[in-house]
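The values are calculated or read from the model by the stated rules, or taken from the named source; none is laboratory data. Since the structure is predicted, the reported quantities are computational estimates derived from the model, not experimental observations. Glycine gets a Cβ as well: all are built from the backbone with ideal geometry, and neighbour counts include every protein chain shown. For accessibility, only protein heavy atoms count, side chains too; no ligands or nucleic acids. Shrake-Rupley method; radii C 1.70, N 1.55, O 1.52, S 1.80 Å.
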Amino acid sequence: MERDDFDSLAARTEGPVMLPGQEGFDEERTGFNLAVRHRPAVIVGAARAEDVVAAVVFAAAHGLPVAVQGTGHGFSVAAEGGVLVTTRRMDEVRVDAAARSAYAAAGARFEQVIPEAARHGLAPLNGSAPHVGVVSYTLGGGLALLGRSHGWAADRVLAMDVVTADGRLRHVTADSEPDLYWALLGGRDNFGIVTGMEFGLVPVARLYGGGLFFDAERTPGILQAYRRWTATVPEEMNSSVALIPFPDDPQVPEPVRGRHVWHVRIACTGSAEAGERLVEPLRQAGSRLLENLRDMPYEQSAGIHDEPRVPMPWAADNAFLTDLDDAAIRTILRHTGPGAARPAIVELRHLGGALTRRPVHPNAVGHRDAGFVLAVLTPLTGDSAVDEHAFLDSMFKDLQPWTSGRFLNFMGHGDTADEERTRTAYTADDHRRLTALKADYDPRNAFRLNYNIRPCTPGDANGSDTS
């Protein structure tokens, strides 16, 4: 490609077009996970949907792959020499109180939607970290803070504007293009770049939430207690339990400083009185280091998990668990407990409730029958990446007897495509359908991602091309 090619692309976009070595290029290609390094031939900093169209058309004309980087924690990896579309400049948010719905452009974050919705006593089905991007989170399924009470975020999507591999900007609904609608919600940007999304809100203004903190070494039976407790709670109770190795740092609160701590996270949509009664059995699990449960406006719910906002390098993996028996608990603790060789942050989220229900308009979000999802994140420092990836591989291999699959949004296991890992995010039938639809909408596999779904080829017995 000549410089004139890039100049022509820049002339068709409102946002900037950046080449390697230019000012701002490195900042633009850097996402939240600092272990992921994009290596595109060109970046299009999209400011509008038409910029995305121009980028996709340019990529097709030059035979280049395309990837998109939004905001928040999500990432996708452009193949060497490809086109990277960044969407952070597209951050429009609108709330329609009468329709109980909202619109978010491709780069908007939930922290922009939540206060607008709260003015009307409404809330989006955001995750535990509201600084995550709305669109990418929802396309991956969207495991909501209030998931047991209200289901997956993807099930609330009303419409999407998406640029497909042929350079068309389509308005997609369950009625207008049911196949593409189904594939996008769960298949993420394997099928196009969503430039905006309309989705339903739920009537939630407050909740009873916060956390209980236990010393992990002094309360070894917390996971067993949590398992027994989750079998008794109603759909109004949303919870998870995390094992966190807090550093011995003056900035960390003294009661948890330098300790391995179990943090039980609570988000109950029932009354404060009901929440108090439901949580009481957990208080009996052991002596607490801290407790901050309270009735709160939904706008303050980010403090329940208190997810870090500072970018960092990490590797991660996850598993949907069909069961959490004593053997599974021993396996988890052997790899990640206080005596483990490597520091890791572990979270076990209770599923069930509304998350098991099939939506009115079907989508590709899988493994709805799982009882829990286990996510493990390990920080990367220096040359530790190979060892940390081996640690994750070993742990999740040992957990296979209890594993039904993976959750796409919690994958973060390196910076290269792993089709077999991606396949586990779906049922076999859904994966076959996804590869067939990929052949229809993106036959040359232009959207080539770290969670890649390849188009199937004629005569492929497995429904996907693994060549």
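Extent of the stretch 341-399 along each principal axis, from alpha carbon coordinates, in Å, largest to smallest?
48, 19, 19
If I histogram all Cα-Cα distances within the stretch 1-149 using bins 5 Å wide from 0, what percent of pairs lands in each bin?
Cα pair-distance distribution for the stretch 1-149, in percent: 2, 10, 18, 20, 17, 12, 10, 7, 4, 1, 0.
Calculate how steeply helix 428-441 sits against the longest principal axis of the alpha-carbon atoms of the chain, using the helix alpha-carbon long axis, and give the answer as 0 to 90 degrees to the nearest 10.
Tilt of helix 428-441: around 30 degrees.
Please express the shape of the stretch 140-229 as an equivalent ellipsoid: the semi-axes are the square roots of 5 times the eigenvalues of the C-alpha gyration tensor, given largest first in whole angstrom.
The answer is 39, 16, 11 Å, longest axis first.
I need the P(r) histogram for the chain: all alpha carbon pairs, bin width 20 Å from 0 out to the longest distance, whole percents.
The distribution over the chain is 25, 58, 17, 0, given as percents.
Which percent of the accessible heavy-atom area of the chain goes to carbon and sulfur, probe 1.4 angstrom?
Heavy-atom surface of the chain belonging to carbon and sulfur, 1.4 Å probe: 49 percent.
Whole angstrom only: what separates the Cα centroid of the stretch 202-256 from the Cα centroid of the stretch 429-452?
That distance is 38 Å.
What list of ³J(HN,Hα) values in whole Hz, one per residue of the stretch 354-363 in order, does the Karplus curve 6.51 cos²θ - 1.76 cosθ + 1.60 (θ = phi - 60°) give from phi, with Gly and Pro shown as x?
Values, residue by residue: 5, 5, 7, 7, 7, x, 4, 10, x, 8 Hz.
Starting from the Cα-Cα distance between Ala436 and Ala97, subtract it from 0.36 nm times their residue separation and give me the gain in nm to one decimal.
Here the answer is 118.2 nm.
Translational D (Stokes-Einstein, µm²/s) of the stretch 283-398 at 25 °C and 0.890 mPa s when Rh comes from the Kirkwood sum over C-alpha pairs?
Approximately 143 µm²/s, per Stokes-Einstein.
When the Cα centres of the stretch 270-326 and the stretch 351-386 are compared, how far apart do they sit, in Å?
Cα centroid of the stretch 270-326 versus Cα centroid of the stretch 351-386: 16 Å apart.
Leaving out ligands and nucleic acids, note down the accessible area per residue over the chain with a 1.4 angstrom probe, in whole Å².
Value returned for the chain: 40 Å² of accessible area per residue.
Applying a 10 Å radius around every beta-carbon, put 126-134, 80-88 in order of their mean neighbour count, most first.
With the highest mean Cβ count within 10 Å placed first, the list reads 126-134, 80-88.
Could you give the distance between the Cα centres of the stretch 23-53 and the stretch 117-136, to the whole Å?
The two parts, judged by their Cα centres, are 24 Å apart.
Rounded to the nearest 0.05, what FRET efficiency do Ala390 and Ala327 give with R0 = 22 Å and r taken as the Cβ-Cβ distance? Could you check?
0.45
What is the diffusion coefficient of the stretch 204-244 in µm²/s, taking the Kirkwood radius over Cα pairs and the Stokes-Einstein relation at 25 °C with a viscosity of 0.890 mPa s?
Answer, rounded: 204 µm²/s.
For the stretch 120-175, build the convex hull from the C-alpha positions and give me its volume per residue in Å³.
Measuring per residue, one finds 116 Å³ for the Cα hull of the stretch 120-175.
Would you check the accessible area of Arg109, probe 1.4 Å, heavy atoms only, in square angstrom rounded to 10?
So the heavy atoms of Arg109 present about 70 Å² to solvent.
Quick one: which residues, 5 or more positions from Thr195 or on another chain, have an amide H under 5 Å from its amide H? H modelled 1.01 Å from N in the peptide plane, none for Pro or chain starts.
So Thr195 has HN proximity to Asp161, Val162, Val163.
Kindly write out, for the stretch 104-118 in residue order, the coupling ³J(HN,Hα) from the Karplus curve 6.51 cos²θ - 1.76 cosθ + 1.60 (θ = phi - 60°), rounded to whole Hz, with x marking Gly and Pro.
The phi angles translate into 9, 6, 4, x, 6, 10, 5, 5, 7, 7, 4, x, 5, 5, 4 Hz.
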